[in-house]
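Structure, as C-alpha cells:
The values are calculated or read from the model by the stated rules, or taken from the named source; none is laboratory data. Keep in mind the model is a prediction, meaning the values are calculated, not measured. Note: ideal-geometry Cβ built from the backbone for every residue, glycine included; neighbour counts use all protein chains shown. To get the accessible areas, we keep the full protein, side chains included, count just its heavy atoms, and leave off ligands, DNA and RNA. Shrake-Rupley method; radii C 1.70, N 1.55, O 1.52, S 1.80 Å.
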Amino acid sequence: DNLEEVISEMDGISGNIVRFNTDIYNDLEKLNCYKRLRMWYVTNKGYCFGGLTGYLIKNYIADWTHDGYGNRSKFPFEFRWFKTPSTTTGTAQDMAYLDLTN
C-alpha cells in the first residue's frame, strides 16, 4: 500500500486439539456451520488474548484425523485475523482516514 507503516498485517494461531470428548467433538461439528467466529485464546501462562470483542476469524477446523497406531487422534485448526492498528502512530491516523464516510 506504499504507506510508511503496515495497516493490514495478519496474525494467527494454529495447532491441534488432542484432548477432547464427545461434547467437544459435537461442539466442533456445530462450529463448522459458521464461516466466521469470534475467538479468544488463553496461553499456558494464563494470558488471555482477544480483548473485549475477541478476534474476528475465518473458521478453519479440519476433520478428525488419525495418524496411525500409537498416535493420538486430533483436530487440526488454523485461525487468522487482521492485527488491530496502533492508536498512537501514523497507522492509526491512516486507518481513521480510510474509515471516513461522506
Worksheet item: Going down the table (Lys45/Lys74; Lys30/Lys74; Lys58/Lys83), which pairs top 19 Å between alpha carbons?
Response: Lys45/Lys74
Fill in: Vicinal HN-Hα couplings computed from phi for the range 14-24 (Karplus, 6.51 cos²θ - 1.76 cosθ + 1.60; Hz; Gly/Pro x)
9, x, 9, 8, 10, 10, 8, 10, 5, 5, 5
Discussion item. Net charge around Val18, counting only other residues with Cβ within less than 9 Å of its Cβ (Lys, Arg = +1; Asp, Glu = -1)?
Written reply: +3
Discussion item. Could you sort Tyr25, Tyr34, Tyr69, Tyr55 by their accessible area in this structure, using a 1.4 Å probe and putting the largest first?
Written reply: Tyr69, Tyr34, Tyr25, Tyr55
Discussion item. Output wanted: per-residue J couplings in Hz (rounded whole) for the range 31-37, from phi through Karplus 6.51 cos²θ - 1.76 cosθ + 1.60, θ = phi - 60°, x for Gly and Pro.
Written reply: 5, 5, 6, 9, 7, 10, 9
